[in-house]
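Student: Please read through the structure below; I'll follow up with questions.
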Amino acid sequence: MKVLIAVDDQTCAEAIVVYAMANANLTSADIRLISVVPGLMAYTSLAMIPDLMQELRSEARKNAEKLVLSVRDLITSALPTASVSEYVVEGLPAEEILTMGKDWEADMIVVGSHGRHGLSKVLLGSISQAVVSNPPCSVLVVNLSRAEKKCASSLERSVPAVNKSASKSECKGDCQPDCKSEKPSERKLFEAGLSFGN
């Protein structure tokens, strides 16, 4: 199975990956991570300051490269049999995600949704909505605010120093990933999810 996972910042990327690993069979998947940095058009207001424009573009690319490497490490520690590659491209996020999904013949694209509404959606756009509108394959959209809360909740339940009264028995089966499981593969996945905020 070929799975393309789009990531744009550390916290959201980890929530997307942990959710995808918990809800899709990625054990032996061929996974591509993509992070899209703004193209030249995003910096047109800085055209009169070319050094600053180049510095910002370079910094955005370095941050994206660090991000995909960090997410790759998260996946490979939890799923050692999965094949993971990482790509940083420049352009319009939805367009680049769809192009890679189509060219690579992905079976699934995984994107996050911040759940923006109203003016913020109009001003900032919706990458997930654009990807869902014209996909070359199935699309898994992760509600980031909900996924991040579930992952934080799982973290609190699993670390006694954070919440001494919490225990595994408090998990009602909606933790992400399944914190009740004693299976080594699922335990590994759960432990990989503990890297949030690093």
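Student: Residues in the range 49-58: is at least one out of contact with any Gly (no Cβ under 7 Å at 6 or more places or on another chain), part of a helix (DSSP H, G or I), of a type outside the set (Gly, Ala, Ser) and crowded, with 17+ Cβ neighbours inside 10 Å?
Tutor: Checked the range 49-58: at least one residue is out of contact with any Gly (no Cβ under 7 Å at 6 or more places or on another chain), part of a helix (DSSP H, G or I), of a type outside the set (Gly, Ala, Ser) and crowded, with 17+ Cβ neighbours inside 10 Å.
Student: Quick one: what pairs do we get from the range 21-36, first residue within 12 Å of PRO80 (Cβ to Cβ), second outside any loop (DSSP other than H, G, I, E, B) and small (Gly, Ala, Ser), C-beta under 7 Å, 6+ apart or different chains?
Tutor: LEU26/ALA20
Student: Within the range 61-87, can you find the residues that are under 21 Å from LEU98 (Cα atoms), hydrophobic (A, V, I, L, M, F, W, C) and in contact with a helix residue (DSSP H, G or I) (Cβ under 9 Å, 6 or more places away or on another chain)?
Tutor: Answer for the range 61-87, where residues must be under 21 Å from LEU98 (Cα atoms), hydrophobic (A, V, I, L, M, F, W, C) and in contact with a helix residue (DSSP H, G or I) (Cβ under 9 Å, 6 or more places away or on another chain): LEU67, VAL68, VAL71, VAL84.
Student: While we're looking at this one, here's another question. Residue pairs, Cβ under 8 Å, 6 or more apart or interchain, first in the range 57-68 and farther than 14 Å from ILE34 by Cα, second hydroxyl-bearing (Ser, Thr, Tyr) and part of a helix (DSSP H, G or I). List them.
Tutor: Listed pairs, sorted by first residue: ARG57/TYR43.
Student: Considering only the range 80-88, I want to know if a residue exists there that is aliphatic (A, V, I, L, M), modelled with pLDDT of 95 or more, closer than 30 Å to ASN134 by Cα and surrounded by 13 or more Cβ atoms within 10 Å (Cβ to Cβ).
Tutor: yes
Student: Something else: What are the residue pairs meeting all of these: first residue in the range 89-111, first residue at pLDDT 95 or above and crowded, with 16+ Cβ neighbours inside 10 Å, second residue assigned to a helix (DSSP H, G or I) and not hydroxyl-bearing (Ser, Thr, Tyr), Cβ atoms under 7 Å, and 6 or more apart or on different chains?
Tutor: Between residues of the range 89-111 that are at pLDDT 95 or above and crowded, with 16+ Cβ neighbours inside 10 Å and residues that are assigned to a helix (DSSP H, G or I) and not hydroxyl-bearing (Ser, Thr, Tyr), the close pairs are VAL89/GLU96; ILE97/VAL131; LEU98/VAL131; ILE109/ILE97; ILE109/GLY101; ILE109/VAL131.
The values are calculated or read from the model by the stated rules, or taken from the named source; none is laboratory data. Source: prediction; values computed, not measured. Positions of Cβ are generated from backbone atoms using ideal geometry, with glycine treated the same way; all protein chains shown enter the neighbour counts.
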